[in-house]
Structure formats: C-alpha cells, structure tokens
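What follows is a short report on a single structure.
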Amino acid sequence: MQRRIFLTLMAAAVTASAALGGASIAQAADQVKIGFLVKQPEEPWFQDEWKFAEIAAKEKGFTLVKIGAPSGEKVMSAIDNLAAQKAQGFIICTPDVKLGPGIVAKAKADNLKLMTVDDRLVDGSGKPIESVPHMGISAYNIGKQVGEGIAAEIKKRGWDMKDVGAIDVTYEQLPTAHDRTTGATDALVAAGFPKANIIAAPQAKTDTENAFNAANIALTKNPQYKHWVAYGLNDEAVLGAVRAAEGRGFKADNMVGIGIGGADSALNEFKKPEPTGFFGTVIISPKRHGEETSALMYTWITQGKEPPKLTLTSGMLATRDNVSQVREQMGLAAK
Ligand code: FCA
C-alpha cells in the first residue's frame, strides 16, 4: 500500500519536472540571478526598492545584481553585463522611457526576461509598450491625493485662495510625472483653487537641486502671493520648492508642500525639531515595487509564469503627525 503511494508520488514529481523543462530545473537549483537597474541610485526611494529586492532574494534564494544606470549607455552595457554573468532576467526603472524599443531589443537579443518598475517604457510614438510587464504607481490618483491634501490644509488655515500661489514642479517628458502633477492640479482646481495661481515650474532633472532652481524662478516672477503651496512628481521635487520658498522667507506657516514617496528624503524632514514647509507626503510602497517585482521575476524564471502586464499600486497621505502609523499600515518597518 505504502509503496503504491510512493510510486504515485514519484510519477507525479516526474511529470511536474518534465513540464518545467530542463533549463528551468537547473535554475530552480539555486542559480537564479536577477538584475535590478535603477536610474537614480542616490535617491532614497531607489535605495529602498533595492533593500526590499534583497529581502526577496534572501527569501527565494536567488542572486540580486543591483546596478545604477543613469544613462542610456549605462543601461545597454548593464544589460550585456547581466547576460555575461548568466542572469536570466532583470527589472528596470529606466533613465529615459524613450529608450523603450532599444531596451526591449537588447533584452531579447541577450535572452533576458524584462520587467519595468516605476517608469513605463514607451515606443517611438510615445505609447506605453504594453508587452513588457510593469509595476507603477496609480499616478493620477496619487496626484489627486496630493492636491486634496493641499486644499484641505489651505482651508484649515483659513487662507484666501486668491492670495495663494501654487508651484507645480513639472517634468513633462516622463508620463508618470505628468499624470501625478495633473492629478494634483485637477484636485486643487476642483476644490476652488484659481487656475491662474498655478505656476508651472519645469525641472531639467528629477532631483532636489533642479526643482530648487525651477521653483526659484516661479517665486521671483510672482511676488504678489502671501502664501505658497507646492507639488511635483516626488519628494525631491517638493523639497526643492520648499527650500526655495524658505530662502525667500516662506517657512512652515506660509508654505504647504506635499510630496510623493515617503522614503528618507521625507522622513528626515519630519524628524527636524521644527516643522518645515514640507507638510506631507503620499507614501508609496517600495516593498511592492522592490520585493514583489523581484518575486514576480523569480517566478517567471523558475516556473515560466509571466507577471501581470500592469500592476498599479496605491499610496497614503502622511504628515509629520501620523507618519509612523501610516508607514505601519503600509507594512513598512519603523525608521
Ligand atoms: C519615478 C520617480 C521616483 C519615484 C518612482 C515611483 O521613477 O522619479 O522618484 O517616485 O517614480
């Protein structure tokens, strides 16, 4: 009797292995290598993504290869490098979404599975490349949460909206950035904020320094406002605007900036003894974007199961008062 059960189990195991195919079995035996390429390795958001990808690597037992790839050339050489190291796939947040067709072709030529995170690749006509599995944030809705948060704070402070200027730090060449700031603008306008008081401040790169420069121009050109609010694609953009406003005397009681991210750039701001103009951030999930994407890639490599084509993650607004609770609710460890 026992022998019969044993034989049945053996037969089932053999069938399962055959279904996986020879190559996958070899990989399942602990040789999986996955690349994780990010466009701005110095940004805390990307460091958090890597940290969570490492957690997946430890749990599943694969090797994670972290590569900072701030330019098109770096991306291309990193992909070849991964192939030379016998990686089976990689996840990328590209420095430029227009590299899309080139990245897809290179991954294919090198026989590497490809998934994108945060910034979705586009084709020659600017349309998303839907064949590549992607995990991004629900950009427009998260932008709306930013705009609603700012509007609520303006009302709470009893400011007359006509006296308030809004710095909209834009980065139009990146679709997720466009969607985020559009969502914020729409929510502000829906709350009765005058459209004419919203000043676009285009940044040349998505870091604090470039946002600072862009915001300074907006401030200089508009001396008529008594109070300011600011938003942009991430915490760095809003921090740039907050620092620029501070330089002109608009501190916490006359400035309401709400960012997107919730990594150390925002947390450090909340840890300062006195509040600053950086009022809040919509916390998004580096756990999902780092750990879940890596786990999905691992399953794709070892079981042939492709990740969903599109996953959009949500966020929660946090301020200095409730940031710990919100982080906890999002499954992020205390910092
Ligand atoms: C983009 C931004 C990052 C982060 C990520 C989710 O890549 O540049 O700061 O917000 O989306």
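Tabulated data
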read-out: Of all residues making up region 114-144, the number that are buried (at least 21 other Cβ atoms within 10 Å of the Cβ) and in a strand (DSSP E or B); value: 8
read-out: Which listed residue, of 220, 185, is among the β-branched types (Val, Ile, Thr), more than 16 Å from the ligand (Cβ to nearest atom) and out of contact with any helix residue (DSSP H, G or I) (no Cβ under 8 Å at 6 or more places or on another chain); value: 220
read-out: Those residues of region 43-84 which are polar (S, T, N, Q) and either within 16 Å of the ligand (Cβ to nearest atom) or in a helix (DSSP H, G or I) (or both), in sequence order; value: 47, 71, 77, 81
read-out: Residue that is farthest from residue 190 (Cα to Cα), among those in region 158-173 that are surrounded by fewer than 21 Cβ atoms within 10 Å (Cβ to Cβ) and touching a strand residue (DSSP E or B) at 6+ places or on another chain (Cβ under 8 Å); value: 172
read-out: Among the residues listed as 262, 257, the single one being crowded, with 19+ Cβ neighbours inside 10 Å, at pLDDT 95 or above and in contact with a Ser or Thr (Cβ under 6 Å, 6 or more places away or on another chain); value: 262
read-out: Test: residue in region 141-152 that is under 29 Å from residue 53 (Cα atoms) and among the small types (Gly, Ala, Ser); value: yes
read-out: Residue within region 227-235 that is in contact (Cβ under 8 Å) with a residue 24 or more places away in the chain, surrounded by fewer than 21 Cβ atoms within 10 Å (Cβ to Cβ) and either away from the ligand (no atom under 16 Å from the Cβ) or of a type outside the set (Gly, Ala, Ser) (or both) present; value: yes
read-out: Residues of region 280-319 classified as in a loop (DSSP other than H, G, I, E, B) and buried (at least 19 other Cβ atoms within 10 Å of the Cβ), total; value: 4
read-out: Residue check, residue 42 under 18 Å from residue 296 (Cβ atoms) and of a type outside the set (A, V, I, L, M, F, W, C); value: no
read-out: Within region 79-91, tally of residues that are touching a Phe, Trp or Tyr at 6+ places or on another chain (Cβ under 8 Å) and either aliphatic (A, V, I, L, M) or surrounded by fewer than 16 Cβ atoms within 10 Å (Cβ to Cβ) (or both); value: 3
read-out: Cross-chain or 6+ apart pairs with Cβ under 9 Å, region 169-181 first and within 12 Å of the ligand (Cβ to nearest atom), then part of a loop (DSSP other than H, G, I, E, B) and of a type in the set (Val, Ile, Thr); value: 171/206; 174/206; 177/206
read-out: Residue check for residue 126: more than 16 Å from the ligand (Cβ to nearest atom), free of Cβ contacts under 8 Å to residues at least 60 places away in the same chain and either of a type in the set (D, E, K, R) or within 30 Å of residue 53 (Cβ to Cβ) (or both); value: yes
read-out: Test set (1) under 24 Å from residue 40 (Cα atoms); (2) touching a residue at least 40 places away in the same chain (Cβ under 8 Å); (3) in a helix (DSSP H, G or I) - residue 243 fails condition number; value: (2)
read-out: Cβ-Cβ under 9 Å pairs, at least 6 apart or on other chains, region 199-215 side in a loop (DSSP other than H, G, I, E, B), far side away from the ligand (no atom under 14 Å from the Cβ) and of a type outside the set (D, E, K, R); value: 203/212; 203/213; 203/214; 203/215; 204/213; 204/214
read-out: Lone unmet requirement of (1) away from the ligand (no atom under 16 Å from the Cβ); (2) in contact with a helix residue (DSSP H, G or I) (Cβ under 8 Å, 6 or more places away or on another chain); (3) hydrophobic (A, V, I, L, M, F, W, C) for residue 300; value: (2)
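The values are calculated or read from the model by the stated rules, or taken from the named source; none is laboratory data. Remember, predicted model here, so these are calculated numbers, not experimental data. Note: ideal-geometry Cβ built from the backbone for every residue, glycine included; neighbour counts use all protein chains shown.
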